[in-house]
1. What number of residues in the range 374-399 are of a type outside the set (Ser, Thr, Tyr) and surrounded by fewer than 22 Cβ atoms within 10 Å (Cβ to Cβ)?
2. Quick check on my filter: what residues within the range 347-378 are out of contact with any Leu (no Cβ under 6 Å at 6 or more places or on another chain) and either among the β-branched types (Val, Ile, Thr) or not in a helix (DSSP H, G or I) (or both)?
3. Under the condition of being surrounded by fewer than 23 Cβ atoms within 10 Å (Cβ to Cβ) and acidic (Asp, Glu), which residue from the range 213-247 is farthest from residue 153 (Cα to Cα)?
4. Scanning for something under 23 Å from residue 383 (Cβ atoms) and assigned to a loop (DSSP other than H, G, I, E, B), does the range 534-543 turn up at least one residue?
5. Quick one: is residue 259 at pLDDT 95 or above, under 26 Å from residue 125 (Cα atoms), among the small types (Gly, Ala, Ser) and over 13 Å from the mean Cα position of the chain (by Cα)?
6. Hey, does the range 201-212 have a residue that's assigned by TED's automatic domain parsing to the domain that holds residue 329, in contact with a Gly (Cβ under 7 Å, 6 or more places away or on another chain), surrounded by fewer than 19 Cβ atoms within 10 Å (Cβ to Cβ) and without any contact (Cβ under 8 Å) to a residue 40 or more places away in the chain?
7. Would you point out which residue out of 107, 77 is in contact (Cβ under 8 Å) with a residue 60 or more places away in the chain and of a type in the set (Lys, Arg)?
8. What is the number of the single condition among (1) touching a residue at least 60 places away in the same chain (Cβ under 8 Å); (2) under 19 Å from residue 191 (Cβ atoms) that residue 250 does not meet?
Amino acid sequence: MTDTTASLVEAPVTYHLRLRRPGSRVFEVACRVRSPDPGGQVVSFPAWVPGSYLIRDFARHVMTLSASSGGEPVALRKLDKSTWRAAPVEGDLVLRAEIYASDLSVRGAHLDPAGAFFNGSSVFPCVHGHEDGRHVVHLSPGEDALAGEWQVATTLRRLTGAEWEFGAFEADGYAALIDHPVLMGPLDIVEFEAGEIPHALVLAGRHDADLVRLQGDLARLCAWHVDFFGRPAPMPRYLFLVRLTGEGPGGLEHRDSSALVCHRDRLPRPGQAGMSRDYRNFLGLASHEYFHAWHVKRIRPAELATASLEREAYTRQLWIFEGITSYYDDLALLRSGLVNAESYLELLGRNLTAVYRSAGRRRQTLEEASFDAWIKFYRPDENAPNSQVSYYAKGAMVALALDLEVRLRTGGRVSLDDIMRVLWDTHGREGIALQDGAFEELAAQVAGMDLGEFFRASLRGTVDPPVGILLAQFGVRLHLRCTEGAADAGGTPPKRGNQARSWLGLRTRTVNGSIRISHVLDGGSAQAAGLCADDELLALDGLRLNAEAFDAVTGTLEPGRSVELHVFRRDELLRIGVEVAEAPKDSCYLAFDADAGEAAVARRRAWLGTPAG
């Protein structure tokens with residue numbers, strides 16, 4: 001008996017997943033448990049997936065679940081929404097499940113004749129009492145002819161089969177098992193090396209992408225990340241698992257891989273020069289999830305490191321892990337040479353705009369935003385802009401302010417870069433989870449200064465960090481202007497100069513050609529007039545409104561005048577008078593200060609990591 005064969009036989013928990021009839025979107029999963037609990041084996045499916053803080057109840061996709069032992073049926077009793085107990089047996093216990101897979105997101109499972117993707121949390125039941133034992137997974141193409149052309153991409157350790165083929169895999173425990181997603185189907189695989197570690201970009205879906213450019217750009221980006229934290233890289237290999245669709249984007253980090261969804265037209269085509277915004281956004285997404293391989297998968301918040309996947313795990317530290325990552329994801333594009341300084345300032349301005357447009361930042365602190373992610377950030381409603389702030393966007397703003405503050409007060413001797421590297425050495429490399437408040441203490445220690453007031457105001461207060469004042473010390477001017485329509489995300493100078501723009505204090509969405517109010521903003525004319533979210537806008541001053549021309553029509557109204565809107569509220573037709581206001585200056589863009597002194601320019605170059613700019 002070979003070592004591999006022995007390991008397959010001796011595994012305490014073994015799964016067999018088969019792609020039977022992909023058109024049905026059903027995975028067939030069998031789970032064999034050696035030495036089941038003599039009192040009756042308990043199994044369950046997770047309620048949430050690490051990295052996405054919302055109860056998703058993956059058990060709801062279980063169509064059937066049965067048990068047997070020695071070929072004889074075994075009774076199963078459901079204990080709650082996601083947990084079952086099998087009757088006691090003397091031999092091995094075998095569970096068989098049918099899992100419906102129609103979730104195209106990065107968080108669940110999807111199967112059709114074109115390909116398949118799954119997170120283990122969606123398809124593999126957790127065997128209680130065996131969570132820390134070895135788990136073996138057999139992936140089988142089933143009987144469908146299409147699967148014969150399929151390949152398999154995952155960072156699970158391979159036991160049998162050649163690279164990119166179906167076969168057997170293993171993981172050291174259930175937590176590890178569900179941290180290695182699987183992408184299957186006809187795949188385009190682009191391999192490269194970064195930091196002396198093998199990497200691959202795996203594309204599923206139709207595309208006409210420039211694979212050579214993607215290979216080179218991702219290699220540069222990943223090499224920067226590895227060198228930022230210091231070699232050797234912590235992973236044996238890394239995969240970007242990308243599904244190309246007509247929608248997107250989306251991403252979820254994993255220990256040695258990331259799951260991404262991208263619009264197929266957003267990738268560069270052969271012969272396409274320059275850096276489009278769409279491609280820049282894709283690289284920023286890849287950068288974000290790759291940074292997480294260090295900062296969240298290995299440097300971990302203590303509350304999540306020991307969390308149960310059966311219920312919410314509350315932490316006030318999400319701003320550290322998502323906000324700081326959101327600061328470095330775009331900065332990495334600049335420092336690796338993929339974008340220039342002007343492009344980076346645009347990205348930074350867009351992030352700041354997202355914060356300035358959120359009235360909820362005056363009500364919710366950054367720590368509260370982190371803690372309430374389970375009930376607010378992942379479940380936004382029509383009042384979200386008025387009641388909450390993103391721990392991604394404001395977290396990145398605070399990271400920027402902390403970086404600039406420390407650089408200024410230490411004369412450039414210390415930066416957030418240094419704090420992150422010490423954090424990696426003391427917590428990431430050592431596997432020590434980060435306790436609440438430990439980051440603040442470590443930052444103060446590395447910087448050699450008292451940062452108590454900075455963190456109190458930034459994390460537990462609702463006042464904006466003074467990023468404009470700080471940026472000025474680095475030769476960068478922060479400008480605020482009016483928003484120029486629904487598609488305006490900020491980051492760029494005004495297209496029409498600085499003239500006043502009209503504003504009704506609402507946001508809209510198009511539903512089957514009709515215009516509906518999606519948000520009524522605090523302090524705006526719409527709120528004062530009594531307009532409500534989900535009102536359907538029909539006409540303005542007696543003229544029918546067109547969804548495609550809505551911004552153009554309302555943008556030319558003269559501030560100070562009154563207009564009459566015809567709206568449907570449910571099935572009632574209403575006439576509502578609204579006073580047109582002047583749009584607030586809540587869109588940010590940044591520019592180099594041509595009058596900046598030599599000291600400011602030197603600080604700017606050190607911060608941006610570029611010789612010019």
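1. Taking the range 374-399 first, the residues of a type outside the set (Ser, Thr, Tyr) are 374-377, 379-386, 388-389, 393-399.
Restricting the remaining residues to those that are surrounded by fewer than 22 Cβ atoms within 10 Å (Cβ to Cβ) gives 374-377, 379-386.
Matching residues across the range 374-399 total 12.
2. 353, 355, 357, 358, 363, 364, 365, 375, 376, 377
3. Out of the qualifying residues, it is 227.
4. First, the residues of the range 534-543 that are under 23 Å from residue 383 (Cβ atoms): 534-537.
Those still in the list that are assigned to a loop (DSSP other than H, G, I, E, B) too: 534-535.
Yes, because at least one residue in the range 534-543 is under 23 Å from residue 383 (Cβ atoms) and assigned to a loop (DSSP other than H, G, I, E, B).
5. Details: at pLDDT 95 or above: yes; under 26 Å from residue 125 (Cα atoms): yes; among the small types (Gly, Ala, Ser): yes; over 13 Å from the mean Cα position of the chain (by Cα): no.
So residue 259 does not fit the description; no.
6. We begin by selecting, within the range 201-212, every residue assigned by TED's automatic domain parsing to the domain that holds residue 329; these are 201-212.
Imposing the further condition that a residue be in contact with a Gly (Cβ under 7 Å, 6 or more places away or on another chain) reduces the set to 204.
Applying the additional criterion that residues be surrounded by fewer than 19 Cβ atoms within 10 Å (Cβ to Cβ) yields none.
No, the range 201-212 contains no residue that is assigned by TED's automatic domain parsing to the domain that holds residue 329, in contact with a Gly (Cβ under 7 Å, 6 or more places away or on another chain), surrounded by fewer than 19 Cβ atoms within 10 Å (Cβ to Cβ) and without any contact (Cβ under 8 Å) to a residue 40 or more places away in the chain.
7. Details: 77 fails: in contact (Cβ under 8 Å) with a residue 60 or more places away in the chain.
Only one candidate passes the filter, namely 107.
8. Result: residue 250 fails condition (2) only.
The values are calculated or read from the model by the stated rules, or taken from the named source; none is laboratory data. Given the structure is predicted, the values throughout are model-derived calculations rather than measurements. No Cβ is skipped: glycine too gets one built from the backbone with ideal geometry, and neighbour counts run over all protein chains shown.
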